[in-house]
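Please treat every number below as a calculation from the coordinates, not as lab data. These numbers were taken from a predicted model, which means no experiment stands behind them. For neighbour counting, all protein chains shown are included, and Cβ atoms are generated from backbone atoms with ideal geometry for every residue, glycine included.
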Amino acid sequence: MERYIPRLVDELLAQYLKELPAVMLIGPRASGKTTTAAKHAQSIARLDSDHSAAFAASPDAALSGRAEPVLLDEWQGVPEVLGAVKRAVDADRRPGRYLITGSARTATVDHYWPGTGRIVILRMYPLTVAEQLQQPVRPFIDRVVDGDLVSAAAAPALDLRDYLQLAMRGGFPEPALELGETTGRAWLESYAEQVAMRDARSYGGAPDYVRLLRYLEAYAINSSCTVHQQTLYDAAGVNRKTALAYEALLRDLQVVDELPAWSTNRLKRLSRTPKRYVIDSGLLAGILRVGTDDVLGSGTLLGNVIDTFVVAQLRAETLTARTRYRLSHLRDSNGRREVDVIAELGGGRTVGIEIKSASRVSQSDARHLLWLRDSMGDRFAAGVVLHTGPDTFELADRITAAPISALWAHSGQPET
């Protein structure tokens, strides 16, 4: 039997099943949803294969009599099963009855969605580095807010190439944990092709494979950038309507995501353009078919890959952190000031994060954080400049420089 790698969502999923009748675990295909859900289920129905005919013919009958929690894997195979879950939950709201997994968001099949008030959605992302290392660690934003960033000695000593290799490996379990570098790259390249050729047709009609793949490549080149939609559809050779449909499809398949633009009444003339991201830095490399040396040879691509990698670590912790926060970014309308990541905390407080591929940082690298701190006053909780060097040190009041490895370094202080 293969050894199970604990996931960030395990504890939260177990808690939900103790109190809720139905939970839907959604995430990108091959990110480990089924493996994790199966650890919490008593019986399994795989709706993309062996159980699909029975559920399609009579979903209510097929659902009854199974050991609970029942795992309904890949619900998109038989969307009608959601109606059966609704009826079963309406009749009996005992907790821990149904666990549903899916590789597409519900937006693609809205006319089937009966889950409001009955099914709670829990998102799952590709593996973080902490999960890959099986390193129990308090979420990064919790540690920043508590003033508990690890010391340089506690953080793993990595250099730029080490970080880039982690980023290029990505977080999908098979290439990250089981495959060598060459085979892992082939897996990620194949994933990108299958998104355009197979998955998109399954959930979004019949888009043009070549044009969709070209659009996905344009998206990947601009991952972590505040690029306007016209840039993407011009690069892909499609019109605006088609580009918007492609982006919605890729978001539904959870291949891409975005950080919305942050806004506050304390600052004026802020851009409203989101930062677009491929969901996983390894997948980004697979889409573009680039290796480590290719990325090292391009300063722009290097920055995009490292930024995408860091945001993937932060995104995965949003549900499990004690500190409730949302991720966004800041950029003023003329592009003179920008902060890579804003963590919006409760009460209007913020944490600003800059991401640098350089190994040495100075106060000038924190100039936009300094401006944000001075503009926000006591609503500025902290700022961090993440870099590829080994050292953690204070740059200014409430602003710290720390290695990217601080994201998964264990602080040694248990959470209270």
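If R₀ is 25 angstrom, what is the calculated FRET efficiency for the pair residue 182 and residue 296, using the beta carbon separation as r and rounding to 0.05? Kindly include the intermediate steps, with their values, before the conclusion.
Numbers: r = 18 Å, r/R0 = 0.71.
FRET efficiency, residue 182 to residue 296: 0.90.
Roughly how big is region 237-375's charge dipole about its Cα centre, with Cβ charges of +1 (Lys, Arg) and -1 (Asp, Glu), in debye to the nearest 20? It would help to have the intermediate numbers written out before the result.
Values: 22 positive and 16 negative charges, 140 e Å.
That gives region 237-375 a dipole magnitude of about 680 debye.
Per-residue HN-Hα couplings for region 133-146, Karplus 6.51 cos²θ - 1.76 cosθ + 1.60 at θ = phi - 60°, whole Hz, x for Gly and Pro?
For region 133-146, the Karplus-derived couplings read 7, 6, 9, x, 8, 5, x, 4, 5, 4, 5, 5, 4, 7 Hz, x marking Gly and Pro.
Pop a pseudo-label 7 angstrom from the Cα along the beta-carbon direction at both residue 161 and residue 93 and give the gap in nm to one decimal.
Calculated label separation equals 6.0 nm.
May I ask you to derive the FRET efficiency for residue 374 and residue 4 from their Cβ-Cβ distance with R0 = 51 Å, giving the value to the nearest 0.05?
Working: r = 48 Å, r/R0 = 0.94.
Using R0 = 51 Å, I get an efficiency of 0.60.
Can you tell me the 0 to 90 degree angle between the C-alpha axis of helix 240-252 and the longest principal axis of the chain, rounded to 10?
Once rounded, one gets 80 degrees.
Give the calculated FRET efficiency between residue 229 and residue 80 to the nearest 0.05, with a Förster radius of 45 Å applied to their Cβ-Cβ distance. Write down the numbers at each step before the final one.
Values: r = 35 Å, r/R0 = 0.77.
According to the calculation, E is roughly 0.85.
For labels at residue 12 and residue 49 in the simple 7 Å Cα→Cβ model, what's the distance in nm?
Label-label distance for residue 12 and residue 49, simple model: 2.8 nm.
Let me spell out the model: positive unit charges on the Cβ of Lys and Arg, negative unit charges on the Cβ of Asp and Glu, origin at the Cα centre of region 303-416. What dipole size does that give, in debye rounded to 20?
Numbers: 14 positive and 14 negative charges, 48 e Å.
With Lys and Arg at +1 and Asp and Glu at -1, about 240 debye.
Name the lysines eligible as straight-distance cross-link partners of residue 275: C-alpha to C-alpha under 30 Å, and not fewer than 8 places from it in the same chain.
Qualifying lysines at Cα under 30 Å: 33, 241, 356.
Kindly express, to the nearest 10 degrees and within the range 0 to 90, the angle between helix 209-221's C-alpha long axis and the longest C-alpha principal axis of the chain.
30 degrees
Taking a spot 7 Å from the Cα of residue 269 along the direction of its beta carbon, which residues of region 343-373 have an amide N less than 16 Å from it?
372
How far is helix 181-194 tilted, in degrees, relative to the longest principal axis of the Cα atoms in the chain, given as a value from 0 to 90 rounded to the nearest 10?
The answer is roughly 60 degrees.
Counting DSSP beta bridges in the chain, what percent are antiparallel, to the nearest 5?
About 40 percent, rounded to the nearest 5.
Residue 95: net charge of surrounding residues, Cβ under 14 Å, Lys/Arg +1, Asp/Glu -1, itself excluded?
On the way: positive: 18, 93, 94, 97, 118; negative: 19, 68, 92.
Neighbour charge sum, excluding residue 95 itself: +2.
Sort the chain into rounded, prolate or oblate with this rule: let a ≥ b ≥ c be the square roots of the eigenvalues of the Cα gyration tensor; rounded if a/c is under 1.5, and if a/c is not under 1.5, prolate when a/b is larger than b/c, oblate otherwise.
Details: a/c = 1.69, a/b = 1.43, b/c = 1.18.
Prolate.
Given the DSSP H assignment, sum -39500 (n - 2.57) over each helix run of at least 4 residues in the chain and divide by its residue total; what's the result at 222 nm in deg cm²/dmol, nearest 500?
Values: 17 runs with 153 residues, N = 416.
One gets -10500 deg cm²/dmol as the mean residue ellipticity at 222 nm.
Using θ = phi - 60° and the Karplus relation 6.51 cos²θ - 1.76 cosθ + 1.60, list the HN-Hα couplings for region 337-349 in order, rounded to whole Hz, with x at every Gly or Pro.
Each residue of region 337-349 in turn: 10, 7, 10, 4, 9, 10, 9, 8, 9, x, x, x, 7 Hz.
So how do 319, 72 line up by other beta-carbon neighbours within 10 Å, fewest first?
Numbers: 319 15, 72 32.
Fewest to most other Cβ atoms nearby, the residues stand as 319, 72.
What shape does region 308-383 have by the C-alpha gyration tensor, where a ≥ b ≥ c are the square roots of the eigenvalues, rounded means a/c under 1.5, and otherwise prolate means a/b greater than b/c and oblate the rest? Could you put the intermediate results ahead of the total?
On the way: a/c = 1.74, a/b = 1.20, b/c = 1.45.
Oblate.
So for the chain, averaging the separation of alpha carbon pairs under 8 Å that are six or more residues apart and normalising by length, what relative contact order in percent results? Walk me through the numbers before you get to the answer.
On the way: 776 pairs, mean separation 71.7, N = 416.
It comes to 17 percent, rounded to a whole number.
How much net charge surrounds residue 147 when only the other residues with a Cβ under 13 Å from the Cβ of residue 147 are counted, with Lys and Arg +1 and Asp and Glu -1?
Working: positive: 138, 143, 398; negative: 142, 146, 148, 394, 397.
Net charge in that neighbourhood comes out at -2.
Count charges around residue 398 for me, please; just the other residues with Cβ under 15 Å from its Cβ, Lys/Arg as +1, Asp/Glu as -1. Can you show the working numbers first?
Details: positive: 143, 349, 367, 373, 379; negative: 146, 148, 354, 374, 378, 394, 397.
Its environment carries a net charge of -2.
How large is ³J(HN,Hα), in whole Hz, for each residue of region 60-77 in order, when computed from phi with the Karplus curve 6.51 cos²θ - 1.76 cosθ + 1.60 and θ = phi - 60°, using x for Gly and Pro?
5, 5, 5, 7, 6, x, 8, 5, 9, x, 8, 8, 9, 8, 6, 4, 4, x
Taking the Cα centre of region 129-407 as the origin, how large is its charge dipole in debye, to the nearest 20, when only Lys and Arg (+1) and Asp and Glu (-1) carry charge on their Cβ atoms?
Working: 33 positive and 35 negative charges, 229 e Å.
The calculation lands at about 1100 debye.
In percent, how large is the relative contact order of region 24-107, given Cα pairs closer than 8 Å and 6 or more residues apart?
Numbers: 131 pairs, mean separation 33.7, N = 84.
After rounding, I find 40 percent.
For residue 118, what residues show an amide H to amide H distance below 5 Å, using hydrogens built from the backbone and excluding near sequence neighbours?
Here nothing satisfies the definition.
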